[in-house]
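**Student:** One structure coming up, written as structure tokens, with questions to follow.
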Amino acid sequence: SYTLMPTIEAYANISSAYRPQVYTQAISTSPTTIVAGNLGPSTSYQYEIGFRGYPVPWLYWDTSLFYLVFDDQIGTVQLDDGLSEIRNVGKSRHQGWEVATEFGFLSLYDEVLDAKLVDRFGDLSLYGNLMLLDAEIVDGPLDGKTPAYAPGWLVRAGFQYQYEQVFKTGLMTTAVANQYANDNNTQEF
């Protein structure tokens with residue numbers, strides 16, 4: 001990260017991950033799901049660049065662009081006979097934009113009226129997050145399909161209450177675009 005101004009920071013991240021199959025992928029617990037013979041481990045590389053700021057005590061924002069490559073992704077495919085198969089579905093690419101903000105009501109009140117409510121009672125804030133996602137399987141037996149659980153957009157919003165660094169609670173909601181629950185994009189999933 002790099003501080004551009006006292007209240008604005010630029011950041012970047014490059015990370016990689018290795019993920020072997022987990023128990024529920026290696027051993028099916030469902031009578032209608034089979035597991036392919038040799039599941040290979042998955043690897044991923046993620047790149048992100050963004051900016052975030054805290055220009056006033058009652059407002060925080062963060063925006064970033066991301067790009068993720070997931071190779072040998074393990075996924076679920078619906079077969080013609082009504083069975084599902086867990087197998088390596090190919091390489092997927094996920095890219096998009098994310099923006100988040102948090103607005104503190106009592107912090108704003110304290111700043112405008114020179115009060116000390118946050119010190120005494122904590123802060124109540126409105127939180128919102130939007131993610132726009134473009135995801136596609138780009139190599140393998142399902143080339144051109146959309147990976148499972150990759151909606152085109154996702155919105156989270158709600159209220160959070162925090163008292164110092166001792167207690168934090170929230171009431172949130174999430175809205176999600178249509179998405180597939182399997183990697184070969186059948187309508188019943």
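The values are calculated or read from the model by the stated rules, or taken from the named source; none is laboratory data. What you see is a predicted model, and the numbers here were worked out from it, not measured in a lab. Cβ atoms come from the backbone with ideal geometry, glycine included; neighbour counts cover every protein chain shown. Side chains are part of the model used for accessible areas, which takes the heavy atoms of the whole protein and leaves out ligands, DNA and RNA. Shrake-Rupley method; radii C 1.70, N 1.55, O 1.52, S 1.80 Å.
**Student:** Out of all the residues in segment 1-11, which are polar (S, T, N, Q) and part of a loop (DSSP other than H, G, I, E, B)?
**Tutor:** Ser1, Thr7
**Student:** Here is a follow-up. Restricting attention to segment 52-62, and to residues there that are surrounded by 15 or more Cβ atoms within 10 Å (Cβ to Cβ) and not in a loop (DSSP other than H, G, I, E, B), which single residue is nearest to the chain's Cα centre (by Cα)?
**Tutor:** Result: Asp62.
**Student:** From the list Ser15, Ser30, Ser44, which one is more than 22 Å from the chain's Cα centre (by Cα) and among the polar types (S, T, N, Q)?
**Tutor:** That would be Ser30, the only listed residue that is more than 22 Å from the chain's Cα centre (by Cα) and among the polar types (S, T, N, Q).
**Student:** What is the one condition in (1) out of contact with any Gly (no Cβ under 9 Å at 6 or more places or on another chain); (2) within 14 Å of Phe70 (Cα to Cα) that Ala148 does not satisfy?
**Tutor:** Failed condition: (1).
**Student:** Checking Gln25 against (1) in a strand (DSSP E or B); (2) open to solvent by less than 60 Å² (accessible area, probe 1.4 Å), only one condition comes out false. Which one?
**Tutor:** With respect to (1) in a strand (DSSP E or B); (2) open to solvent by less than 60 Å² (accessible area, probe 1.4 Å), Gln25 is out only on (1).
**Student:** All but one of (1) at pLDDT below 95; (2) within 13 Å of the chain's Cα centre (by Cα); (3) within 18 Å of Ala100 (Cβ to Cβ) hold for Gln162; which doesn't?
**Tutor:** (2)
Conditions (1) open to solvent by 60 Å² or more (accessible area, probe 1.4 Å); (2) assigned to a helix (DSSP H, G or I); (3) within 14 Å of Arg87 (Cβ to Cβ); (4) in contact (Cβ under 8 Å) with a residue 12 or more places away in the chain, marked per residue:
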| position | (1), (2), (3), (4) |
| --- | --- |
| Asn13 | yes, no, no, yes |
| Ser16 | yes, no, no, yes |
| Ser30 | no, no, no, yes |
| Gly37 | yes, no, yes, no |
| Gly40 | no, no, yes, yes |
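**Student:** Looking at (1) of a type outside the set (A, V, I, L, M); (2) open to solvent by less than 50 Å² (accessible area, probe 1.4 Å); (3) in contact with a Lys or Arg (Cβ under 7 Å, 6 or more places away or on another chain), which is the only condition Asn88 fails?
**Tutor:** Here Asn88 clears every test but (3).
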